[in-house]
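Worksheet: the structure to be examined is printed underneath.
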Amino acid sequence: MGLLSLGTPLEWAEATKLAAHIRKHGIDQFLSVWRAAKDRSGDPVLWGDELEYMVVVFDPVQHTARLSLRQGEILRVLQSAHSPLFAALPAAQRPTFHPEYGRYMIESTPGEPFSASADDLLRVELDMLRRRCFAKQHLREHEVPMTVTSFPRLGATDAPFTDPALTAGGDAARSLFLPDDLINQHVRFPTLTANIRKRRGTKVRINVPIFHDTHTPRPFVDPTIPHARNTFPEDSEAALGAALPDHIYMDAMGFGMGCNCLQVTFQAANATEARRVYDQCTPLTPLFLAITAAAPIYRGYVADVDARWNVISASVDDRTNAERGTAPLRDEPKHNADTAPRRLRKSRYDSVDSYLYPGAPPEDNDMPLEMDLSVRDKLLAAGIDPLLAEHLAHLFVRDPLVIFSELVDVDNTTSMDHFENIQSTNWQTMRFKPPPLGGHIGWRVEFRPMEVQLTDFENAAFSIFVVLLSRVMLHFNTDFYMPLSLVDENMQRAQQRDAIHTQRFYFRRHWAPDAESTERIGEYTLAELFWGRDAAMPGLIPLVRRYLDELALAPEQRAELDRYIAFIGERANGTLMTTATWMRRFVHSHPQYKHDSVVSEKINYDMLCTLNKIERGELAVPDFLPPWYAERHRTMERTLGVPSL
Ligand code: GLU
Ligand code: MG
């Protein structure tokens, strides 16, 4: 999550004075890259995944599962340790581990990118498993790196949820529920947290609808919110309506950025191709959020949504009241020298607001785009086309949140710091990434909506499938364009409980380019979108298979890839349930569950133990994972030379 510079962060009051400076130089930095790389072409198809984990400590005596806060120590070990797991591996392929927002989180990436060849695609799962095994080898006995999207009891008030136990509060988040010491200790993270709160003028407010079970009070007014505390100026807010009835209330960045995801970044041959892939992926983002949904529980309560998206979006929503539209603009202080106060429709973490490819139908770019006009004009004057200029001018309506005093004045021909400052704190469903200066890396596109899955088999399957789709888009010249306002509506539907069975998604009726049709858009289930309906809408899976047919792969390779694809198909049509559904069912059938939406410490412990057993292949759940998962997992562990259980 963003780049980690060393240095002294400026106080928010000081940082705001430099916002215009950062924006101006950020755009100059982009222009340096653009001049150097706009005609860059012929970069190979390369891609990589980012997998986020939370380190859970199990106490088999007390029956607790809590978050280990040993991120710093763990990363130091993982970044330097040697392991027999790497013995047979070229040095460049040694995976790397990175910090993430939570002090209980780690992230892994492959040592070097994969290609899209079948050989490489079939290396991905083993590579992911090797990373997990490596991390396990260097953790304490009862610590487990788990690829779980949201920690069910993060912020619960009836018992500790971290190890060691900490008291809520601290001046970064000023949370009633989360201790600041749960935030990554690199100064960037607490500063980011505090500055989002300071810019906004209040604490962030996250309200997720609660799942009303038979014994959940109606209305549900959360008894665990300490309404009467006066520790921080904002505390009275809880009483003043920040916490909505019938909702699970959360008040800190950690509730969102403390969630895990699975991201995939692909390199395109050139900037134009990257923009085309960006556009074609955009309508797919809600579908992949729905099919990977894995976050149905927050602060110890079962929610009525299955996915993390709106939670993270609200958790970093730094807009002021006036920007959000809850106060008149005339009351808004002018934050910066260069921008007048204005409404901003979305949080910095949200869905894509404009298509980027020059051939995008203008009518599908139907979102009003707030822009920093000076940024746009400068880019246009430099010869950049309107779509790209407007995209960047839109990202640049945001203020820089963390500025290091040592890095205020940098050389715009050798540094991208100011550009990245804004770019990497615009967390959208897709990200368009220019080449780093002077490197061997080309134009890239990042696919960001997916929730992380429990097993490396699933994470590999989704990564491989998305990569294949990125090839399919170019190979068959697909046309997935649809109005972005409907993609946004799909994002909301994607998070609904059991979206696979309860929701339809807007999508193109005709996927071939130039198809004549009076009605362009229909509404479809995920099963229809993945499996297809008719010749006009062949389905994502049949398209991927048709593409693989053309590659004429060796039969064993094809069979292996087909396993992943068949699994995706079974998730899409509900034959296999999503992680979110599995978690709901687990809670509901737990003997101690009182049908009051409460996930107690014991239920949480049992659920995480069970998930851990499933991941290890000790427990088969044939309506969640394919029946052969356990056997395959053991075979892979043997391949890695990891002693089996
Ligand atoms: N963990 C965040 C998420 O779940 C993403 C952070 C990042 O961009 O790496 O979307
Ligand atoms: Mg990350």
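Just the residues that are more than 21 Å from the chain's Cα centre (by Cα) and either closer than 15 Å to His633 by Cβ or in a strand (DSSP E or B) (or both), please, taken from region 124-143.
Passing the criteria: Leu126, Arg130, Cys133, Lys136, Glu143.
Return yes when Thr224 is of a type in the set (Val, Ile, Thr) and more than 16 Å from ligand 1 (Cβ to nearest atom) and no when it is not. Working first, answer last.
On the way: of a type in the set (Val, Ile, Thr): yes; more than 16 Å from ligand 1 (Cβ to nearest atom): yes.
Here the answer is yes, as Thr224 does meet what is asked.
If I filter region 598-645 down to residues being over 20 Å from Met577 (Cβ atoms) and small (Gly, Ala, Ser), which single residue comes out as surrounded by the most Cβ atoms within 10 Å (Cβ to Cβ)? Walk me through how you get there before you give the answer.
Step one: of region 598-645, the residues over 20 Å from Met577 (Cβ atoms) are 598, 600-602, 605, 631, 634-645.
Keeping just the survivors that are small (Gly, Ala, Ser) gives 600, 641, 644.
Values: Ser600: 19, Gly641: 11, Ser644: 10.
Only one residue tops the list, namely Ser600.
Report, by residue number, each residue of region 354-388 that is among the small types (Gly, Ala, Ser) and within 19 Å of Glu273 (Cβ to Cβ).
Narrowing region 354-388 to residues among the small types (Gly, Ala, Ser): 354, 359-360, 374, 381-383.
Residues satisfying the conditions are Ser354, Gly359, Ala360.
Looking at (1) surrounded by fewer than 18 Cβ atoms within 10 Å (Cβ to Cβ); (2) at pLDDT 95 or above; (3) among the hydroxyl-bearing types (Ser, Thr, Tyr), find the lone condition where Thr191 falls short.
Condition (1) is where Thr191 drops out.
Scan region 37-48 and give yes if some residue there is assigned to a helix (DSSP H, G or I), surrounded by 15 or more Cβ atoms within 10 Å (Cβ to Cβ) and at pLDDT below 95, otherwise no. Lay out the reasoning, then the answer.
Here is the first cut: in region 37-48, the residues assigned to a helix (DSSP H, G or I) are 37.
Subset that is surrounded by 15 or more Cβ atoms within 10 Å (Cβ to Cβ): 37.
Checking which are at pLDDT below 95 leaves us with none.
The answer is no, given that none of the residues of region 37-48 is assigned to a helix (DSSP H, G or I), surrounded by 15 or more Cβ atoms within 10 Å (Cβ to Cβ) and at pLDDT below 95.
Going through region 579-606 one residue at a time, which ones are under 16 Å from Thr216 (Cα atoms) and hydrophobic (A, V, I, L, M, F, W, C)?
Matches in region 579-606: Val587, Val598, Val599.
Give just the number: which of (1) in a strand (DSSP E or B); (2) more than 16 Å from ligand 2 (Cβ to nearest atom); (3) touching a Pro at 6+ places or on another chain (Cβ under 7 Å) does Ala65 not satisfy?
Against the list (1) in a strand (DSSP E or B); (2) more than 16 Å from ligand 2 (Cβ to nearest atom); (3) touching a Pro at 6+ places or on another chain (Cβ under 7 Å), Ala65 comes up short only on (3).
Would a scan of region 286-297 turn up a residue that is part of a helix (DSSP H, G or I) and β-branched (Val, Ile, Thr)? Can you show your working first?
First, the residues of region 286-297 that are part of a helix (DSSP H, G or I): 286-291.
Subsequent filtering for residues that are β-branched (Val, Ile, Thr) retains 291.
The answer is yes; a qualifying residue exists.
Say we look at region 438-487 and pick out the residues that are of a type in the set (S, T, N, Q) and closer than 30 Å to Pro145 by Cα; which of these is farthest from the chain's Cα centre (by Cα)? Write out each step before concluding.
Just the residues of region 438-487 that are of a type in the set (S, T, N, Q), to begin with: 453, 455, 459, 463, 470, 477-478, 485.
Next, from what is left, pick out any that are closer than 30 Å to Pro145 by Cα: 453, 455, 459, 463, 470.
Values: Gln453: 12, Thr455: 17, Asn459: 13, Ser463: 13, Ser470: 18 Å.
Result: Ser470.
Taking the condition of being away from ligand 1 (no atom under 16 Å from the Cβ) and at pLDDT 95 or above, how many residues in region 426-457 meet it?
Let us first name the residues in region 426-457 that are away from ligand 1 (no atom under 16 Å from the Cβ), namely 434-443, 455-457.
Imposing the further condition that a residue be at pLDDT 95 or above reduces the set to 434-435, 441-443, 455-457.
Qualifying residue count, region 426-457: 8.
Could you please find all residues in region 553-564 being in a helix (DSSP H, G or I), in contact (Cβ under 8 Å) with a residue 60 or more places away in the chain and surrounded by fewer than 21 Cβ atoms within 10 Å (Cβ to Cβ)?
Looking only at region 553-564, we keep the residues that are in a helix (DSSP H, G or I), and these are 555-564.
In the following step, the residues that additionally are in contact (Cβ under 8 Å) with a residue 60 or more places away in the chain were identified as 557-558, 560-561, 563-564.
Within region 553-564, Gln557, Arg558, Glu560, Arg563 meet the criteria.
Going by the structure shown, is Asn270 surrounded by fewer than 21 Cβ atoms within 10 Å (Cβ to Cβ) and either out of contact with any helix residue (DSSP H, G or I) (no Cβ under 6 Å at 6 or more places or on another chain) or within 30 Å of Ala460 (Cα to Cα) (or both)?
Details: surrounded by fewer than 21 Cβ atoms within 10 Å (Cβ to Cβ): yes; either out of contact with any helix residue (DSSP H, G or I) (no Cβ under 6 Å at 6 or more places or on another chain) or within 30 Å of Ala460 (Cα to Cα) (or both): yes.
Yes.
Mind checking which residues of region 388-415 are touching a Ser or Thr at 6+ places or on another chain (Cβ under 7 Å) and small (Gly, Ala, Ser)?
Scanning region 388-415 gives a single hit, Ser405.
Touching a residue at least 60 places away in the same chain (Cβ under 8 Å), within 16 Å of ligand 1 (Cβ to nearest atom), surrounded by fewer than 24 Cβ atoms within 10 Å (Cβ to Cβ) and part of a loop (DSSP other than H, G, I, E, B), is that true of Thr478? Steps first, please.
On the way: touching a residue at least 60 places away in the same chain (Cβ under 8 Å): yes; within 16 Å of ligand 1 (Cβ to nearest atom): no; surrounded by fewer than 24 Cβ atoms within 10 Å (Cβ to Cβ): yes; part of a loop (DSSP other than H, G, I, E, B): yes.
Considered against the rule, which asks whether it is touching a residue at least 60 places away in the same chain (Cβ under 8 Å), within 16 Å of ligand 1 (Cβ to nearest atom), surrounded by fewer than 24 Cβ atoms within 10 Å (Cβ to Cβ) and part of a loop (DSSP other than H, G, I, E, B), Thr478 comes out as no.
For region 94-117, how many residues meet the condition of being aromatic (Phe, Trp, Tyr) and within 12 Å of ligand 2 (Cβ to nearest atom)?
At the first step, the residues of region 94-117 found to be aromatic (Phe, Trp, Tyr) are 97, 101, 104, 114.
Checking which are within 12 Å of ligand 2 (Cβ to nearest atom) leaves us with 97, 101.
Summing the residues that are aromatic (Phe, Trp, Tyr) and within 12 Å of ligand 2 (Cβ to nearest atom) in region 94-117 gives 2.
Check off (1) buried (at least 19 other Cβ atoms within 10 Å of the Cβ); (2) in contact with a Leu (Cβ under 7 Å, 6 or more places away or on another chain) for His418 and give me the number that stays unchecked.
So the condition that His418 fails would be (2).
Let me spell it out: the conditions are (1) of a type outside the set (Val, Ile, Thr); (2) under 20 Å from Glu273 (Cα atoms); (3) under 28 Å from the mean Cα position of the chain (by Cα), and Gln71 meets all of them except one. Which number is the exception?
(2)
Only one residue in Val467, Val487, Val445 is surrounded by 22 or more Cβ atoms within 10 Å (Cβ to Cβ), of a type in the set (Val, Ile, Thr) and outside any helix (DSSP H, G or I). Which one? Talk me through it step by step, then tell me what you get.
Values: Val467 fails: outside any helix (DSSP H, G or I); Val487 fails: outside any helix (DSSP H, G or I).
Of Val467, Val487, Val445, the one residue that is surrounded by 22 or more Cβ atoms within 10 Å (Cβ to Cβ), of a type in the set (Val, Ile, Thr) and outside any helix (DSSP H, G or I) is Val445.
Taking region 81-110, which residues are more than 12 Å from ligand 1 (Cβ to nearest atom) and assigned to a loop (DSSP other than H, G, I, E, B)?
Ala81, His82, Ser83, Ala87, Ala88, Leu89, Pro90, Arg94, Pro95, Arg103, Tyr104, Pro110
Just give me the residues in region 494-511 being surrounded by fewer than 18 Cβ atoms within 10 Å (Cβ to Cβ), of a type outside the set (S, T, N, Q) and not in a loop (DSSP other than H, G, I, E, B), in sequence order.
The one that is surrounded by fewer than 18 Cβ atoms within 10 Å (Cβ to Cβ), of a type outside the set (S, T, N, Q) and not in a loop (DSSP other than H, G, I, E, B): His501.
Taking Asp180 as the residue in question, decide whether it is touching a Ser or Thr at 6+ places or on another chain (Cβ under 8 Å), at pLDDT 95 or above and either away from ligand 2 (no atom under 16 Å from the Cβ) or closer than 23 Å to Trp12 by Cα (or both). Even if it seems obvious, please write down each step before you answer.
Details: touching a Ser or Thr at 6+ places or on another chain (Cβ under 8 Å): yes; at pLDDT 95 or above: yes; either away from ligand 2 (no atom under 16 Å from the Cβ) or closer than 23 Å to Trp12 by Cα (or both): yes.
Considered against the rule, which asks whether it is touching a Ser or Thr at 6+ places or on another chain (Cβ under 8 Å), at pLDDT 95 or above and either away from ligand 2 (no atom under 16 Å from the Cβ) or closer than 23 Å to Trp12 by Cα (or both), Asp180 comes out as yes.
Could we say that Pro283 is of a type outside the set (Phe, Trp, Tyr), more than 16 Å from ligand 2 (Cβ to nearest atom) and in a loop (DSSP other than H, G, I, E, B) here? Walk me through it before giving the result.
Numbers: of a type outside the set (Phe, Trp, Tyr): yes; more than 16 Å from ligand 2 (Cβ to nearest atom): yes; in a loop (DSSP other than H, G, I, E, B): no.
So Pro283 does not fit the description; no.
Could you run through region 595-632 and say how many residues are part of a strand (DSSP E or B) and among the acidic types (Asp, Glu)? Show your work before the answer.
Step one: filter region 595-632 for residues part of a strand (DSSP E or B), giving 598.
From what is left, the residues that are among the acidic types (Asp, Glu) are none.
Count: 0.
The values are calculated or read from the model by the stated rules, or taken from the named source; none is laboratory data. The structure displayed is predicted, hence computed values, not measured ones. Glycine gets a Cβ as well: all are built from the backbone with ideal geometry, and neighbour counts include every protein chain shown.
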